[in-house]
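First the structure, in the form of structure tokens, and then the observations on it.
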Amino acid sequence: MEKTREQFPILDKCIYVNTAAAGLLSTDLALWRQQHDQAYLIGGSTMKTKAMQTEIPEIRETVANFFQCKTDNVALVPNFSLGFNILLEGLKHNNKVLLLENDYPSVNWPFEYRGFEVFYAKVDEDLEDSILEQVKNYDISILALSLVQWVNGIRIDLDFLKSLKSEFPQLIIIADGTQFLGTTDFNFEDSAIDILGASSYKWLLGGYGNGLMLFKDAIKEKFSVKGMGFNSADTDASGKDTIRFAKHFEPGHLDTLNFGSLRFSLNYLNRLGKDAIELHLRKLSDKAKKEFTDLGLLEKSVVNQKVHSTIFNIKGDNELFELLSNNHIICSQRGGGIRLSFHFYNTEKDIDEIVRILKTAI
């Protein structure tokens, strides 16, 4: 993975551990985007019309293949939040919904704002037991959660979700994969998740303005989605009454620059190898967890996790954050602490340097 750093010039002047806020733009993707807009500059509507007719279906297929989902069940959306709100407009309010405490606002707020009956599971070392208990005791019909928690990086066990789905087959599982996709080799069809959405500007490195929604076949009859526009019918005036489920999430034209950027990055990740990325991130996660645990900087629920993501929230105030920033460590303040998030372009040396700086302040 060391050679990949050449694609990200910002790494020459800092240690970037802020992918949980925004993934980096690669040199090759920046060049492709320039070429795309140059072609638009010269070709105008001719170029755009052809691109939308030929490239958008190819982008959809690339997404489907990357995440192992049926192509017709892929919706291309500008971001997770918009796709999620369209989805919930088609969900009956008699559903009982289980959320996680302090989950990402774009997951919890849309349910709360619409007045659903909502229950909450506490995100701690007993999270999965809490989810199971509440699903059993409160007749929960919807479980909605982020696969990786945005503040502290706690990761949901996909095998637990399979077990839960096996015991409660009618439970609808909706997941936000924004902090998850791009970190592992994920098979949507093989998972217990019924609906998965994500923005692509973080770990997928696709830049802003593009995201995705993935659906299982069986879920479509449980939602009455009302999103509608000319693009939903692929600009066919006679197709209003034959729109497939996923196209209700695409009422308007899709930007070939933004979604082309997503395809470019997915192909790049494929060349690197999803297994290789996952292995590298596991090594970084294990090392960072050990180092931060030894310094007493992690909460108990993270320390006790068997498998953790590469997002860590360490104990620290404004003074410590300024110390890191002054030493060219790019990170974020979240949840009363300091969030550090490592991607494949990070190294064990990055962790060593961060630990060295931390030790000067503890």
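The values are calculated or read from the model by the stated rules, or taken from the named source; none is laboratory data. Here the structure is a predicted model, which is why all the values come from computation and not from measurement. Here the Cβ positions follow ideal geometry from the backbone for every residue, glycine too, while neighbour counts run over all protein chains shown. Each accessible area value is taken on the protein alone, full model and side chains, heavy atoms only, with ligands, DNA and RNA left out. Shrake-Rupley method; radii C 1.70, N 1.55, O 1.52, S 1.80 Å.
Things to note:
- Residue within segment 21-40 that is more than 29 Å from THR347 (Cα to Cα), among the small types (Gly, Ala, Ser), in contact with a strand residue (DSSP E or B) (Cβ under 6 Å, 6 or more places away or on another chain) and assigned to a helix (DSSP H, G or I) present: no
- Count of segment 210-265 residues, restricted to those that are open to solvent by less than 10 Å² (accessible area, probe 1.4 Å) and polar (S, T, N, Q), is 5.
- Any hit, segment 175-187, residues being open to solvent by 30 Å² or more (accessible area, probe 1.4 Å) and assigned to a loop (DSSP other than H, G, I, E, B): yes
- ASP126 meets each of the listed conditions (1) modelled with pLDDT under 95; (2) more than 25 Å from ILE338 (Cα to Cα) apart from (2).
- Being surrounded by fewer than 21 Cβ atoms within 10 Å (Cβ to Cβ) and among the small types (Gly, Ala, Ser) is a property that holds for GLY335.
- Exclusive hit being open to solvent by 20 Å² or more (accessible area, probe 1.4 Å) and out of contact with any Ser or Thr (no Cβ under 8 Å at 6 or more places or on another chain), set PHE160, PHE111, PHE116: PHE160
- Residue in segment 82-100 that is within 30 Å of GLY273 (Cα to Cα) and touching a Ser or Thr at 6+ places or on another chain (Cβ under 6 Å) present: no
- Annotation note: Cβ proximity below 8 Å between a residue of segment 12-39 that is without any contact (Cβ under 8 Å) to a residue 24 or more places away in the chain and a residue that is part of a helix (DSSP H, G or I) and open to solvent by 30 Å² or more (accessible area, probe 1.4 Å) (sequence gap 6+ or interchain) occurs for THR27/GLU6; THR27/GLN7; THR27/PRO9; ALA39/MET47.
- For segment 40-60, filtered to residues that are in contact (Cβ under 8 Å) with a residue 12 or more places away in the chain and under 30 Å from ASP217 (Cβ atoms), the residue that is surrounded by the fewest Cβ atoms within 10 Å (Cβ to Cβ) is GLU58.
- Considering only residues in segment 316-348 that are charged (D, E, K, R) and out of contact with any Phe, Trp or Tyr (no Cβ under 9 Å at 6 or more places or on another chain), the one that is nearest to ASP275 (Cα to Cα) turns out to be GLU348.
- Scanning segment 137-148 turns up one or more residues that are of a type in the set (Ser, Thr, Tyr), closer than 30 Å to CYS331 by Cβ and either touching a His at 6+ places or on another chain (Cβ under 9 Å) or buried (at least 20 other Cβ atoms within 10 Å of the Cβ) (or both).
- When we screen ASP129, ASP139 for residues that are free of Cβ contacts under 8 Å to residues at least 24 places away in the same chain and within 23 Å of SER166 (Cβ to Cβ), the only hit is ASP129.
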